[in-house]
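Student: Pasting in a structure now, in structure tokens, and then I'll have a few things to ask.
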Amino acid sequence: MAVSPQSQSVSQAPAQIRPEPLAAKVTEGADQKSSIPHLDDPSLYINRELSLLEFQRRVLEEAQDPANPLLERVKFLSILSSNLDEFFMVRVSGLITQLTSGAREVSIDGQSPSTQLQLIRERVCELAAAAHDLWKHDLMPALEQVGIRILDFSQLSDEQRSEMRDYFVRNVFPVLTPLAFDPGRPFPHISNRSLNIATVVKDKDGVEHFARIKVPNTISQLVAVSHGASQGTAPGDSRFTFVWLEGVISANLRLLFPGMEIVEAHPFRVTRDAEVAVQELESDDLLETVEEAMMQRRFLNVVRLQVSTSMPDDMVEILTSNLEIGAREVYDLEEPVGLGRLSQLYGLDRPDLKDKEFVAAIPKQLVGESGEDLFALMRREDLLLHHPFESFQPVVDFLRQASRDPLVLAIKMTLYRVGHDSPIVAALLEAVEAGKEVAVLVELKARFDEESNIEWARKLEDAGVHVVYGLVGLKVHSKIALVVRSEGDAIRRYIHLGTGNYNPATARLYTDLGFFTCDEEIGDDATYFFNALTGYSARHEPRRLLVAPVNLRQRLQDLILREIELGKKGERGHLIFKMNALEDPEMMKMLYRASQEGVQVDLLVRGLCCLRPGVPGVSENIHVTSIVGRFLEHSRIYYFRNGGAEEIYVGSADLMRRNLSHRIEIVFPVRSANLISRLKEILDVSLADTAKARLLQPDGYYVRSASAESAGAMNSQSWFLTHQDQPYMMSAQNPISHWPSPPFR
């Protein structure tokens, strides 16, 4: 296995994105026992919200990185904007609720809601300023150099303005609904994440009136301009010349307000609280309750108002007073307001400006030597898929084959995020038509996918599928499919378990793992698991699976304690955990204890991490790496050296309080020596990354490798793409030996 990155040289982040130190920065050099803080000390932990914002900073760095293809950089800028929307809708809204309700709860690092909101505002303003500066001074000029122009309306020629007026009349004007605000007409509802134009018009008597126009999101936000050269630009490929839709609307407001003088018009954008409370305990019908909650979400409180820097104070006052928010919720932005709309540019037919396309491999083990079906392959050996480098198609084929196989009696599975036009759902519907028993738990409470999941649940139920909508008080986040097959005089169970959703679209964008097995003990556990979901079942202690909230937390703690005890006996202790987030207080304390006892702890944490590595006397043996690159790191792997008798677990759960205590999760063991080698390779390659990895420092900030920009920098995701058809290239005894300068000792 790769060892710790403590000898890896690092460089500071670029000055323009490096924030001020945390107030709770840990003092370095505190090596005397008396100065070692207690594990409950708030100074040992990083604020959850600020850690999430540090992840957004890493996303911004990808947009800033000139080594990335240009449209990929634009995509990352769009992702940053969308991520911040969700951050306000979920995390900031929760803090505001705490503040307004008078709650005195403090964060794990000892901060009050008010202090956290102030720190968040400072960080978000830094991120927003850097993002708009990047767009205006770097990405826009770079796009223009390759023939993609995004112009201000004032830059258009007379011919182009005439063209845009015709476009407005034909395509935009019929869709718009100007809403006035006066004593006879109340202030209009401003929908969540909508872009709007605040307008002041003057009538013939000189009286000014306020109106709002919603910029429709059903129309392309970047309008193509197709005739001639623009003012101040050279002639070029006019297919890729655009102007923002709000600019087209603002330039044609006289058509919306005939006979009125247009005094001024400025864009603004609203973000609302999205955390609806589903009163499950009082519900007779969870489906109806979730539907009602979705309706309520539209009218929840505003948590952020983004306005153009050109908007005058009196207009801002009209908005804030009617939206019932204070100055702290107002964010001034350079135009364009709403950089998330830049995602439209990624759809341009410019493959030269994007990452090179790839075809996900089908592992040789799944091809079969003599036309064997997937069931035969699973009977021979357990199988592992590493998405997106290996295709998700075998998972779809597994369910399709089950739906058509006359020996299959039943299919049971959980669905969390399904996506559109799902082949998974199509296979389940086909199975029902073939007369098989099909039972599916569709988690209606999957945030922001509630409406989609409601539609799928109804479609499945109408077709005759046994549908369960979820469990009271618990989200079902596990990824499991069970196929029951009659084989002679026996029944055999085939199981797929994974770290990601049953969604072919995200399987091309996220790094995830899928596992096929017909292990009898796992089959027994899976049967009990589904019986508990669909019926009534007394508490069952799984034999092989780790299931939250039943035994997952305790088993992980026991495995960490075993590593500690082996270390005390002279064995080299080593834990490697790969996950999306680390926030659970008890698990962080366990990892601190392991470090204090000399256990080496390597953590690959993509997003938020509340643990501080490198604190003298507490976490010198802990190293935290975050990889942000082309694909979203999403797999969860838990490695325990176990005195050389290595154990590896994979599953759906992060080390967060919600995952371990308030969700239904499954983490499963991988026992095949071949697959353990494969998983160790994945961890080795990830830990060896010097191109896209950032190392968490004790002060809560991340730094990149000093060799990140060198020609020999190791990009783990690129390595997996290059070696997708050559598994097990890196042995545990000689990791990354072919790289010129291995980053780890």
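The values are calculated or read from the model by the stated rules, or taken from the named source; none is laboratory data. Computed from a prediction, not measured in an experiment: that's the story for all the values here. Every residue, glycine among them, receives a Cβ derived from its backbone with ideal geometry; neighbour counts consider all protein chains shown.
Student: For the stretch 689-703, name all the residues that are touching a Pro at 6+ places or on another chain (Cβ under 9 Å) and either of a type outside the set (A, V, I, L, M, F, W, C) or surrounded by fewer than 24 Cβ atoms within 10 Å (Cβ to Cβ) (or both). Give the derivation first.
Tutor: The first filter runs over the stretch 689-703 and keeps only residues touching a Pro at 6+ places or on another chain (Cβ under 9 Å), leaving 689-690, 693, 695-701.
Once the filter is applied, which keeps residues that are touching a Pro at 6+ places or on another chain (Cβ under 9 Å) and either of a type outside the set (A, V, I, L, M, F, W, C) or surrounded by fewer than 24 Cβ atoms within 10 Å (Cβ to Cβ) (or both), the stretch 689-703 yields Asp689, Thr690, Leu695, Gln697, Pro698, Asp699, Gly700, Tyr701.
Student: Please go through the stretch 91-108 and give me each residue that is of a type in the set (S, T, N, Q) and under 19 Å from Glu329 (Cβ atoms), ordered by number.
Tutor: Looking only at the stretch 91-108, we keep the residues that are of a type in the set (S, T, N, Q), and these are 93, 97-98, 100-101, 107.
Passing the criteria: Ser93, Thr97, Gln98, Thr100, Ser101.
Student: If you don't mind, another one. Could you list, in sequence order, all residues of the stretch 400-410 that are in a helix (DSSP H, G or I) and small (Gly, Ala, Ser)? Let's see the steps before the verdict.
Tutor: Initial filter on the stretch 400-410 (in a helix (DSSP H, G or I)): 400-404.
Across the stretch 400-410, the qualifying residues are Ala402, Ser403.
Student: Something else: Can you find a residue in the stretch 546-558 that is small (Gly, Ala, Ser) and in contact (Cβ under 8 Å) with a residue 60 or more places away in the chain? Please lay out each step first, then the result.
Tutor: First pass over the stretch 546-558, keeping only residues small (Gly, Ala, Ser): 548.
Going one step further and asking which of them are in contact (Cβ under 8 Å) with a residue 60 or more places away in the chain, we end up with 548.
Taking every residue of the stretch 546-558 in turn, at least one turns out to be small (Gly, Ala, Ser) and in contact (Cβ under 8 Å) with a residue 60 or more places away in the chain.
Student: Before we move on, is Arg572 in contact (Cβ under 8 Å) with a residue 40 or more places away in the chain and of a type outside the set (A, V, I, L, M)?
Tutor: Numbers: in contact (Cβ under 8 Å) with a residue 40 or more places away in the chain: yes; of a type outside the set (A, V, I, L, M): yes.
Spelling it out, Arg572 is indeed in contact (Cβ under 8 Å) with a residue 40 or more places away in the chain and of a type outside the set (A, V, I, L, M).
Student: Within the stretch 361-382, identify whether any single residue is at positive phi and not in a helix (DSSP H, G or I), and answer yes or no.
Tutor: Keep residues of the stretch 361-382 that are at positive phi, which gives 368, 371.
From the residues that got through so far, the ones that are not in a helix (DSSP H, G or I) too are 368, 371.
Yes: one or more hits.
Student: May I pose another question? Tell me the residue from Phe76, Phe87, Phe55 that is free of Cβ contacts under 8 Å to residues at least 24 places away in the same chain and of a type in the set (Phe, Trp, Tyr), please. Give the derivation first.
Tutor: Details: Phe87 fails: free of Cβ contacts under 8 Å to residues at least 24 places away in the same chain; Phe55 fails: free of Cβ contacts under 8 Å to residues at least 24 places away in the same chain.
Result of the check over Phe76, Phe87, Phe55: Phe76.
Student: Moving on. Any residue in the stretch 592-612 that's surrounded by fewer than 21 Cβ atoms within 10 Å (Cβ to Cβ): show its pairings with residues that are basic (Lys, Arg) and modelled with pLDDT under 95 at Cβ separation under 7 Å, as long as the two are six or more apart or on different chains.
Tutor: Filtered contacts from the stretch 592-612: Glu597/Lys568.
Student: Restricted to the stretch 166-184, and to residues that are surrounded by 15 or more Cβ atoms within 10 Å (Cβ to Cβ) and in contact (Cβ under 8 Å) with a residue 60 or more places away in the chain, which residue is farthest from Ile197 (Cα to Cα)?
Tutor: Among those that are surrounded by 15 or more Cβ atoms within 10 Å (Cβ to Cβ) and in contact (Cβ under 8 Å) with a residue 60 or more places away in the chain, it is Tyr167.
Student: Related question: Quick check on my filter: what residues within the stretch 225-251 are aliphatic (A, V, I, L, M) and modelled with pLDDT under 95? Explain how you work it out, then say what you get.
Tutor: Of the stretch 225-251, the ones aliphatic (A, V, I, L, M) are 225, 229, 234, 243, 245, 248-249, 251.
Passing the criteria: Val225, Ala229, Ala234.
Student: Going through Leu695, Leu675, Leu683 one at a time, which residue ends up being more than 26 Å from Gly614 (Cα to Cα) and at pLDDT 95 or above? Outline the logic, then answer.
Tutor: Details: Leu695 fails: more than 26 Å from Gly614 (Cα to Cα); Leu683 fails: more than 26 Å from Gly614 (Cα to Cα).
From the options Leu695, Leu675, Leu683, the qualifying one is Leu675.
Student: Related question: Out of the stretch 93-121, which residues are among the acidic types (Asp, Glu) and touching a residue at least 40 places away in the same chain (Cβ under 8 Å)?
Tutor: Filtering the stretch 93-121 down to residues among the acidic types (Asp, Glu) leaves 105, 109.
Passing the criteria: only Asp109.
Student: Would you check which residues across the stretch 580-597 are farther than 18 Å from Val618 by Cβ and out of contact with any helix residue (DSSP H, G or I) (no Cβ under 9 Å at 6 or more places or on another chain) and list them?
Tutor: Going residue by residue through the stretch 580-597, those that are farther than 18 Å from Val618 by Cβ are 580-581.
Listed by number, the list holds a single entry, Asn580.
Student: Report, by residue number, each residue of the stretch 136-154 that is in a helix (DSSP H, G or I) and of a type outside the set (A, V, I, L, M). Please lay out each step first, then the result.
Tutor: Looking only at the stretch 136-154, we keep the residues that are in a helix (DSSP H, G or I), and these are 136-145, 153-154.
Once the filter is applied, which keeps residues that are in a helix (DSSP H, G or I) and of a type outside the set (A, V, I, L, M), the stretch 136-154 yields Lys136, His137, Asp138, Pro141, Glu144, Gln145, Phe153, Ser154.
Student: Go through the stretch 260-292 and count every residue that is of a type outside the set (Asp, Glu) and at pLDDT below 55.
Tutor: Initial filter on the stretch 260-292 (of a type outside the set (Asp, Glu)): 260, 262-263, 265-272, 274, 276-279, 281, 283, 286-287, 289-290.
Next cut, at pLDDT below 55 only: 277-279, 281, 283.
Adding up the residues that qualify gives 5.
Student: Within the stretch 642-658, work out how many residues are crowded, with 21+ Cβ neighbours inside 10 Å and of a type outside the set (A, V, I, L, M).
Tutor: Count: 4.
Student: A further question follows. Within the stretch 152-165, is even one residue of a type outside the set (Asp, Glu), more than 36 Å from the chain's Cα centre (by Cα) and exposed (fewer than 14 other Cβ atoms within 10 Å of the Cβ)?
Tutor: Taking the stretch 152-165 and keeping what is of a type outside the set (Asp, Glu), we get 153-157, 160-162, 164-165.
Subset that is more than 36 Å from the chain's Cα centre (by Cα): 154-157, 160-162, 164-165.
From the residues that got through so far, the ones that are exposed (fewer than 14 other Cβ atoms within 10 Å of the Cβ) too are 154, 162.
Checking the stretch 152-165: at least one residue is of a type outside the set (Asp, Glu), more than 36 Å from the chain's Cα centre (by Cα) and exposed (fewer than 14 other Cβ atoms within 10 Å of the Cβ).
Student: Looking at the stretch 383-399, which of its residues are outside any loop (DSSP other than H, G, I, E, B) and of a type in the set (A, V, I, L, M, F, W, C)? Working first, answer last.
Tutor: Pass one, the stretch 383-399, residues outside any loop (DSSP other than H, G, I, E, B): 383-387, 390, 393-399.
Answer for the stretch 383-399, where residues must be outside any loop (DSSP other than H, G, I, E, B) and of a type in the set (A, V, I, L, M, F, W, C): Leu383, Leu384, Leu385, Val395, Val396, Phe398, Leu399.
Student: List the helices (runs of 4 or more DSSP H) that sit entirely inside the stretch 23-135 and contain at least 3 residues that are at pLDDT 95 or above and buried (at least 18 other Cβ atoms within 10 Å of the Cβ).
Tutor: The qualifying helices (runs of 4 or more DSSP H) are 48-64, 70-87, 113-134.
Student: If you don't mind, there's one more thing I want to ask. Among helices (runs of 4 or more DSSP H) lying entirely in the stretch 552-666, which contain 2 or more residues that are within 30 Å of Asn715 (Cα to Cα) and at pLDDT below 95?
Tutor: Values: elements: 552-568, 585-596, 657-661.
Correct list: empty, since no element meets the threshold.
Student: Between a residue in the stretch 310-321 that is more than 17 Å from Ala180 (Cα to Cα) and any residue that is in a loop (DSSP other than H, G, I, E, B), which pairs come within a Cβ distance under 9 Å, given they are 6 or more apart or on different chains?
Tutor: Qualifying pairs under 9 Å: Ser310/Glu335.
Student: Sticking with this structure for a sec: Can you name the residue in the stretch 335-354 that is buried (at least 16 other Cβ atoms within 10 Å of the Cβ), of a type outside the set (Val, Ile, Thr) and assigned to a loop (DSSP other than H, G, I, E, B) and is also nearest to the chain's Cα centre (by Cα) among such residues? Talk me through it step by step, then tell me what you get.
Tutor: First, pick out the residues of the stretch 335-354 that are buried (at least 16 other Cβ atoms within 10 Å of the Cβ): 335-343, 345, 348, 350, 353-354.
If we keep only those that are of a type outside the set (Val, Ile, Thr) too, we end up with 335-336, 338-343, 345, 348, 350, 353-354.
Narrowing further to those that are assigned to a loop (DSSP other than H, G, I, E, B): 335-336, 338, 348, 350, 354.
Working: Glu335: 26, Pro336: 24, Gly338: 19, Leu348: 24, Arg350: 26, Lys354: 21 Å.
My answer is Gly338.
Student: So, one more: State all residues of the stretch 177-195 that are closer than 20 Å to Pro258 by Cα and touching a strand residue (DSSP E or B) at 6+ places or on another chain (Cβ under 6 Å); if no residue qualifies, say none.
Tutor: Pro178, Leu179, Ala180, Phe181
Student: Go through the stretch 326-376 and give me each residue that's under 16 Å from Asp397 (Cα atoms) and in contact (Cβ under 8 Å) with a residue 60 or more places away in the chain.
Tutor: Taking the stretch 326-376 first, the residues under 16 Å from Asp397 (Cα atoms) are 360-368, 371-376.
Across the stretch 326-376, the qualifying residues are Ala360, Ala361, Pro363, Lys364, Leu374, Phe375.
For (1) modelled with pLDDT of 95 or more; (2) buried (at least 17 other Cβ atoms within 10 Å of the Cβ), each residue gets a yes or a no:
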residue: Met294; (1), (2): no, no
residue: Arg298; (1), (2): no, no
residue: Arg304; (1), (2): yes, yes
residue: Met311; (1), (2): yes, yes
residue: Val316; (1), (2): yes, yes
residue: Asn322; (1), (2): no, no
residue: Leu333; (1), (2): no, yes
